Amino acid sequence: MVNDQGVFDDLVALRVTRFGAVSEVTLLGPGKGNAMGPDFWRELPLVFRALDADPDVRAVTLTGSGQHFSYGLDLAAMLPRWAYVLEESGGSAEQRTAFLREIRALQAAFDAVSTCRKPVVAAVSGWCIGGGVDLIAAADVRMASADARFSVREVRVGIVADGGSLQRLPGIIGEGHIRELAFTGKDIDAARAERIGLVNDVYADRAAVLDAARELAAEIAANPPLVVQGVKEILNADRGLEIAAGLRYVSAWNAAFMPSHDLNEAVQALRQRRTPTFLGT
């Protein structure tokens, strides 16, 4: 059995709470809107690998603290370590190779959720943007409160989404819907998310959706654990290789082509609170 105290005591970006055979993982930030900074990327795979290895855990719920699930990547916290990416030259070959390794490390954090043998039920309230959508796409079941809003936002900041949305969402919401969301970066509400299958059900508020997620997780946990894990393994097997290949491709694409005038323009426009002007360079 995994020693929960050793794994979970010093967490900064996540909190893990046990309810019988169900563990609940809560995003804490510490960035605004539970934005995903260095602590999050370090802790997420550690937590889910520990939950995977713990025989007393049979299901997992995943939620955000406060009003929002997650604003996605914490640009303010992460960009300083990728300063060379904002150079239109993209830096040296050595720097691009290092960036490729970084992208694949971030992808591996979400993979830890997807490959966790215990079913993961995500309860979403408020904003779920960019990396937040990548995270819930790696979960098994998604539920939302009526105030939830979703956005595959990366295109609007000059990035090809590389955390798993482009690979996992076609199997969840279909090709047409993911193409619309990824090409436009538009926001959708909980009602639309339910219609297209991004979430199974919509509840009145955060408390209600969290109660529903816990109830579903407890229902799953009451079944034979090895059989449940076998069901997840079989369901994941069909698209697993395709998803892995897609993730490797987009990581190589972004390491090569993400550095651009348009990326730099998007970042500057965000900082200056203005509309960006993209030139395709």
Subset of the range 111-159 (residues that are at positive phi and under 11 Å from the mean Cα position of the chain (by Cα)): Gly130
Enumerated strands (runs of 3 or more DSSP E) restricted to the range 4-119, each holding at least 2 residues that are touching a strand residue (DSSP E or B) at 6+ places or on another chain (Cβ under 9 Å), over 23 Å from Phe150 (Cα atoms) and open to solvent by 30 Å² or more (accessible area, probe 1.4 Å): 14-19
Filter result for Arg149 (under 20 Å from Phe110 (Cα atoms), at pLDDT 95 or above and of a type in the set (D, E, K, R)): no
Failed criterion for Ile220 (all others in (1) of a type in the set (A, V, I, L, M, F, W, C); (2) out of contact with any helix residue (DSSP H, G or I) (no Cβ under 8 Å at 6 or more places or on another chain); (3) farther than 28 Å from Ile159 by Cβ hold): (2)
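The values are calculated or read from the model by the stated rules, or taken from the named source; none is laboratory data. These figures come from a predicted structure and were not determined experimentally. Here Cβ is always computed from backbone atoms with ideal geometry, including for glycine, and neighbour counts include all displayed protein chains. Just so you know, the surface numbers come from the protein's heavy atoms only, side chains and all, with ligands and any DNA or RNA stripped out. Shrake-Rupley method; radii C 1.70, N 1.55, O 1.52, S 1.80 Å.
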